[in-house]
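Notes for the one structure printed next.
The values are calculated or read from the model by the stated rules, or taken from the named source; none is laboratory data. Not measured: the values here are computed from a predicted model. So basically every Cβ, Gly included, is an ideal-geometry build from the backbone, and we count neighbours across all protein chains shown.
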Amino acid sequence: MDILKIRDLSVTFPSLGANTRAVNGVDLTLRQGEVLALVGESGSGKSVTSLGCLGLVPTPGIVTGSVKLDEYEIVGAEDHQLQDIRGSGIAMIFQNPMAALNPFFTIASQLIAPIRKHRNFDYETAKNEALISLGKVQMPDPQLALEKYPHQLSGGQLQRVMIALALACKPRVLIADEPTTALDVTVQAQILLLLRQLLKDEKLSILFITHDLGVVATLADRVAVMYAGRIVEIGDIKPIFAEPKHPYTKQLLATVPRLGRSKDNLHAIEGQVPDMAAPPSGCAFHPRCNQCSEICRTDIPVLQSFDENNKVACHHPVHISSGGSNGATVLTNEAG
């Protein structure tokens, strides 16, 4: 069952020089009980997409399209309506917990207040729920943690508080915006293990935003690859990781370090993510693509299905053919 439906979502930031379209016609569907990973380089529009799902795009951003939680329309809803759905309908784990938590208030006040609002509990019941939430995220000594201020906790502990805060109001959808980026490798692993356990226990649906494809492989069911504000490939994890169809997806996967590979074999994608105030014509990836042809420079490709569950937006998608005398599978490209 589809729980979060994003249709033709666009986010534009007007300015005196040129309008910046950070998100451009995004279509995504999050199913009940799944993890959908949204991946891409910094500046591709992932975080702005997540803010659009919560009605949190900052002024003067203009949001068009549709974002529905079940049948509740978020785009265009009034602030007082959104306050009811944030927390109990959709919750978010932000990338930087130190910036997301108020340094002037204790953890208790920041956990208990939303629980009382969304679940209509008295103070003592809400405090008990806060302790239960901290226990679920394996916070050492939850009672002591409640009494502390954000600056008195480590990065890993702060992220556990953010997850506890997100889960405390029993949301149906959790948006995790690069929740492990600011953490060291050991703590990252702990947080990922925690999220996997919570997936099983809480039966959440998660939109997981990251640029780390290693994280995607361990956690997600499906992946959507974003570039310059558009979805360029989407589908199930295994086929996309094994046989990426879009040249950008293929190059992203090639940048992932692997054990046994020498430093001379490390791959980097040449060029930069385009300036969305002055994007290139045609396919936005064409200035960095080694499969570029004339149509790529002039026409924007649209998402098209190449099998039951997977789509790609490319004029010359990589495809599979059988070749060679040994019958080995060969990755080729449709560019002439």
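State whether the residues of segment 262-283 include one that is under 27 Å from Thr210 (Cβ atoms) and modelled with pLDDT of 95 or more. Among the residues of segment 262-283, at least one is under 27 Å from Thr210 (Cβ atoms) and modelled with pLDDT of 95 or more, which makes the answer yes.
Quick grid of which residues meet (1) buried (at least 18 other Cβ atoms within 10 Å of the Cβ); (2) modelled with pLDDT of 90 or more:
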site: Leu167; (1), (2): yes, no
site: Ala182; (1), (2): no, no
site: Val187; (1), (2): no, no
site: Ile191; (1), (2): yes, no
site: Lys203; (1), (2): no, no
site: Tyr227; (1), (2): yes, yes
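Checked against (1) within 27 Å of Thr29 (Cα to Cα); (2) touching a Ser or Thr at 6+ places or on another chain (Cβ under 9 Å); (3) modelled with pLDDT of 90 or more, Leu303 meets all criteria but (2). Asn102 falls short on exactly one of the conditions (1) part of a helix (DSSP H, G or I); (2) in contact (Cβ under 8 Å) with a residue 40 or more places away in the chain, and that condition is (1).
With (1) under 19 Å from the mean Cα position of the chain (by Cα); (2) assigned by TED's automatic domain parsing to the domain that holds Cys53; (3) surrounded by fewer than 16 Cβ atoms within 10 Å (Cβ to Cβ) as the list, and Ala242 as the residue in question, which single condition is left unmet? The failed condition is (1). When segment 83-112 is filtered for residues that are surrounded by fewer than 16 Cβ atoms within 10 Å (Cβ to Cβ) and at pLDDT 90 or above, the ones remaining, listed by number, are Asn102, Pro103, Phe104, Phe105, Ser109. Val75 meets the conditions (1) surrounded by fewer than 17 Cβ atoms within 10 Å (Cβ to Cβ); (2) in a loop (DSSP other than H, G, I, E, B) in every case but one. The failed one is (1). The condition of being among the acidic types (Asp, Glu) and either under 24 Å from Gln188 (Cβ atoms) or in contact (Cβ under 8 Å) with a residue 24 or more places away in the chain (or both) holds for Asp70. All of (1) under 30 Å from Ala126 (Cα atoms); (2) part of a helix (DSSP H, G or I); (3) modelled with pLDDT of 90 or more hold for Ile175 with one exception: (2). From the residues in segment 307-336 that are within 24 Å of Gly229 (Cα to Cα), in a loop (DSSP other than H, G, I, E, B) and in contact with a strand residue (DSSP E or B) (Cβ under 6 Å, 6 or more places away or on another chain), which one is modelled with the lowest pLDDT? The selected residue is Asn309. Gln32 satisfies every condition listed in (1) touching a helix residue (DSSP H, G or I) at 6+ places or on another chain (Cβ under 8 Å); (2) at pLDDT below 95; (3) not basic (Lys, Arg) except (1). Name, by its number, the condition in (1) closer than 27 Å to Leu183 by Cα; (2) free of Cβ contacts under 8 Å to residues at least 60 places away in the same chain; (3) aromatic (Phe, Trp, Tyr) that does not hold for Phe94. Going through (1) closer than 27 Å to Leu183 by Cα; (2) free of Cβ contacts under 8 Å to residues at least 60 places away in the same chain; (3) aromatic (Phe, Trp, Tyr) one by one, Phe94 breaks only (2). Scanning segment 1-28 for residues that are modelled with pLDDT under 95 and surrounded by fewer than 17 Cβ atoms within 10 Å (Cβ to Cβ) gives Met1, Asp2, Pro14, Ser15, Leu16, Gly17, Ala18, Asn19.
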